[in-house]
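> So that we are looking at the same thing, I have put the structure below in structure tokens.
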Amino acid sequence: MSFTLSSKISSEDQKPYRSKGQFSRTKILLTAAKLATTKGLIGLSIGDLAAEVGMSKSGLYAHFKSKEELELATIETAAKIFDSEVLQPAMMAQVGTERIKALASLFFSHLERRVFPGGCFFAAVAAELNTRPGLARDRVVDVLDKWLSLLKQCILDGQALGEIDPNVEIAQAVFEIEAMLLAANFLFVLTNDAIHLTQAHRGLENVLARLAVNAKSKKKASARETA
């Protein structure tokens, strides 16, 4: 099963050749996505961004007609980066608990490698946009909903494979897994200490162990199948 948080890529994005304008836009958006995790999406001024990429404000305005357009394009860029860094590699893992572990490991790795200097892009902007209705907030909510749906699907797959107890409360399990990832992100960014990534990884293992079908349940299931 393939999974993506980003919108459908246009035919222009798939072309191997990029014009100077396309290259400039890509550079602007990569810079914007990184700055948004430290200065905030709202605090991402045209002036600061222009200075960071080494171009004039008028040059930047040539690519984006409004601040909202810049924000939305920045979110899409971050989603594509997250797809390539975390989601698509995790899709190579076996469905179920192995995929949950892969998603978590890749998430922790992208934090530790500072793909975004301020940690998880979506954790950062979600907190910022929480009380700010608009298209940017709606898009971030959509991304996070898809992420939580992916974790839910992993648990359902684990149940189908007989790895996870069928009586598990799925919404609670998803909440606990996501809580481990968010705590790791917050504490790692705050302290720059990778011990918090190790602790979160250990915590996730504890959650999965609790969700797993125990030997007694397996014995009962086997007895029902042979009856």
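> Please enumerate the residues belonging to the stretch 106-125 that are in a helix (DSSP H, G or I) and surrounded by 17 or more Cβ atoms within 10 Å (Cβ to Cβ).
Taking the stretch 106-125 first, the residues in a helix (DSSP H, G or I) are 106-112, 121-125.
Across the stretch 106-125, the qualifying residues are 106, 107, 108, 110, 111, 121, 122, 123, 124, 125.
> Here is a follow-up. Could you give every pair whose Cβ atoms fall below 7 Å, whose first residue belongs to the stretch 177-194 and is over 17 Å from residue 109 (Cβ atoms), and whose second residue is assigned to a helix (DSSP H, G or I) and modelled with pLDDT of 95 or more, counting only separations of at least 6 or pairs across chains?
Here the result reads 178/148; 178/151, each pair linking the stretch 177-194 to a residue that is assigned to a helix (DSSP H, G or I) and modelled with pLDDT of 95 or more.
> Select from the stretch 75-105 the residues that are part of a helix (DSSP H, G or I) and either modelled with pLDDT under 95 or small (Gly, Ala, Ser) (or both) and write down the one among them that is surrounded by the fewest Cβ atoms within 10 Å (Cβ to Cβ). Steps first, answer last, please.
Our first condition is that a residue be part of a helix (DSSP H, G or I); within the stretch 75-105, this holds for 75-90, 97-105.
Filter once more, so that each one left must be either modelled with pLDDT under 95 or small (Gly, Ala, Ser) (or both): 78-79, 84, 90, 102, 104-105.
Numbers: 78: 29, 79: 23, 84: 14, 90: 21, 102: 19, 104: 24, 105: 17.
Looking at residues that are part of a helix (DSSP H, G or I) and either modelled with pLDDT under 95 or small (Gly, Ala, Ser) (or both), I get 84.
> Next up: What is the number of the single condition among (1) loosely packed, with under 14 Cβ neighbours inside 10 Å; (2) at pLDDT 95 or above that residue 131 does not meet?
In the conditions (1) loosely packed, with under 14 Cβ neighbours inside 10 Å; (2) at pLDDT 95 or above, residue 131 misses (2) alone.
The values are calculated or read from the model by the stated rules, or taken from the named source; none is laboratory data. On a predicted model such as this, the values are computed, not experimentally measured, just so you know. Please note: Cβ atoms are built from the backbone with ideal geometry, for glycine as well, and neighbour counts cover all protein chains shown.
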